[in-house]
1. Could you order peptides 28-39, 50-61 by the average number of other Cβ atoms within 10 Å of their residues, highest first?
2. To the nearest 20 Debye, how big is the dipole of the chain about its Cα centre, given +1 on the beta carbon of each Lys and Arg and -1 on that of each Asp and Glu?
3. Can you compute the FRET efficiency between LEU70 and SER39 using 1/(1 + (r/R0)^6), with r the Cβ-Cβ distance and R0 = 30 Å? Round to the nearest 0.05.
4. So, with a 1.4 angstrom probe, what is the percent of accessible area on the chain that is carbon and sulfur?
5. With the radius of gyration and the Kirkwood radius both derived from the Cα set of the chain, what is their ratio Rg to Rh?
Amino acid sequence: MLADTPALHARHVEKQLAWRDLLGQEIARRMGTDPDWPSDPRPPALAAAALACLDAASSAWVAGDGAVPLSAMLDRAMDTTRSEAHEIRDHLG
């Protein structure tokens, strides 16, 4: 429904961007970097990746009628992101 309704999708994207900014600031603080220093891509990249995993997990959870707990779907998405990122990095050299 979210993807099929333009107004809902637009609002979802707005919320994701706001969450990315808030999470990015907290991630920067925990990393020991300046959250007001926009030239460090790591905090917003980690926040965006986490939110993308949550979206993917939520979609899979809905598609599977909740048969697998959402937390398990989120763990699976995040685990895949970690393992595949290393393979992609190694492949790109």
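The values are calculated or read from the model by the stated rules, or taken from the named source; none is laboratory data. None of the values given here were measured: they were computed from a predicted structure. No Cβ is skipped: glycine too gets one built from the backbone with ideal geometry, and neighbour counts run over all protein chains shown. Accessible surface areas use protein heavy atoms only, side chains included; no ligands, DNA or RNA. Shrake-Rupley method; radii C 1.70, N 1.55, O 1.52, S 1.80 Å.
1. Details: 28-39: 11.3, 50-61: 16.8.
Top to bottom by mean Cβ count within 10 Å: 50-61, 28-39.
2. Working: 9 positive and 14 negative charges, 25 e Å.
Roughly 120 debye, rounded to the nearest 20.
3. On the way: r = 35 Å, r/R0 = 1.16.
With R0 = 30 Å, the Cβ-Cβ based efficiency is 0.30.
4. Values: 4340 of 6970 Å².
Percent of accessible area from carbon and sulfur atoms in the chain: 62.
5. Using Cα coordinates only, the ratio equals 1.03.
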